[in-house]
Amino acid sequence: MTFGEQPAYLRVAGDLRKKIVDGLLPPHTRLPSQARIREEYGVSDTVALEARKVLMAEGLVEGRSGSGTYVRERPVPRRVARSGFRPESGATPFRQEQTDASVRGTWESRSEQWEASGAIAERLGIQPGDRVMRTKYVFREAGEAMMLSTSWEPLALTGRTPVMLPEEGPLGGMGVVERMAAIDVVVDNVTEEVGARPGLAEELLALGGVPGHVVLVVQRTYYASGRPVETADVVVPADRYRVSYHLPVK
């Protein structure tokens, strides 16, 4: 193989991928068999098998027990809007993550006291093992799970206050900025880092994905005078959604 030349299995996978994208192999069409690929492209069984594995790992095809491998339906990506701070009107937790006014969603949440792991402790500027309030959310759009979120708040800050539980009490559901203001903590900055990784088994189960699917992870942290007061991971299935940012110009 000369410098810069692709391995045979990637060339075969690339040609099949193009046929899928161009509609020559539409959704629910059976992918050519391993023997057919071998004959059509003049490659070995090993190359044909590896090419099929590539398409499966990319989520373009799926295996059906006892039937073969078929082209998957490709959803049209929808937007998950991000805008930093929430509007002063006070929105639901779903609105905190979904600022598109056309969205009508529901959510479920569960809060519990937890010990901060090393990674979360570093993000919050506390010690590993320190107590935090961990809240897990499942957000749904038209009944379909479309986003997960897990937040952590240091109990050294919110413990024994009316805002200790994000979804309960007089400011339950009002979000980080409003809740912190109620205990005289002024949030003045928020950072978000976006990355991608294979979804964890429990995440894909909740989101209706299949093993190997990629998720987008938005790692968000709110600050008050440089002190982290809340950090969260927002998880979105990458094949169904795009993260769209709306940032004000000052």
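The values are calculated or read from the model by the stated rules, or taken from the named source; none is laboratory data. Just so it is clear, the model here is predicted, and its values are computed rather than measured. Every residue, glycine as well, gets a Cβ built from its backbone with ideal geometry; the counts of neighbours run over all protein chains shown. SASA here: full protein model, heavy atoms, side chains in, ligands and nucleic acids out. Shrake-Rupley method; radii C 1.70, N 1.55, O 1.52, S 1.80 Å.
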Among residues of the range 199-250, those that are within 30 Å of GLU73 (Cα to Cα) and in contact with a Gly (Cβ under 6 Å, 6 or more places away or on another chain), counted: 7
Test: residue in the range 36-56 that is in contact (Cβ under 8 Å) with a residue 60 or more places away in the chain, surrounded by 12 or more Cβ atoms within 10 Å (Cβ to Cβ) and on the phi > 0 side of the Ramachandran plot: no
Scan of the range 144-173 for residues that are in contact (Cβ under 8 Å) with a residue 24 or more places away in the chain and assigned to a loop (DSSP other than H, G, I, E, B), ordered by number: GLY159, MET164, LEU165, PRO166, GLU167, GLU168, GLY173
Positions within the range 201-235 being modelled with pLDDT of 95 or more and part of a loop (DSSP other than H, G, I, E, B), in sequence order: SER225, GLY226
Selected residue (only one of VAL214, VAL185, VAL176, VAL138 is of a type in the set (Val, Ile, Thr), in contact (Cβ under 8 Å) with a residue 24 or more places away in the chain and open to solvent by 40 Å² or more (accessible area, probe 1.4 Å)): VAL214
Unique match (being surrounded by fewer than 16 Cβ atoms within 10 Å (Cβ to Cβ) and either modelled with pLDDT of 90 or more or closer than 23 Å to SER244 by Cα (or both)) among PRO166, PRO154, PRO198: PRO198
Every residue from the range 121-135 that is open to solvent by less than 50 Å² (accessible area, probe 1.4 Å) and either among the polar types (S, T, N, Q) or closer than 10 Å to PRO154 by Cα (or both): ALA121, LEU124, ILE126, VAL132, MET133, ARG134, THR135
Those residues of the range 236-250 which are touching a residue at least 40 places away in the same chain (Cβ under 8 Å), surrounded by fewer than 15 Cβ atoms within 10 Å (Cβ to Cβ) and not in a strand (DSSP E or B), in sequence order: HIS246, LEU247, PRO248
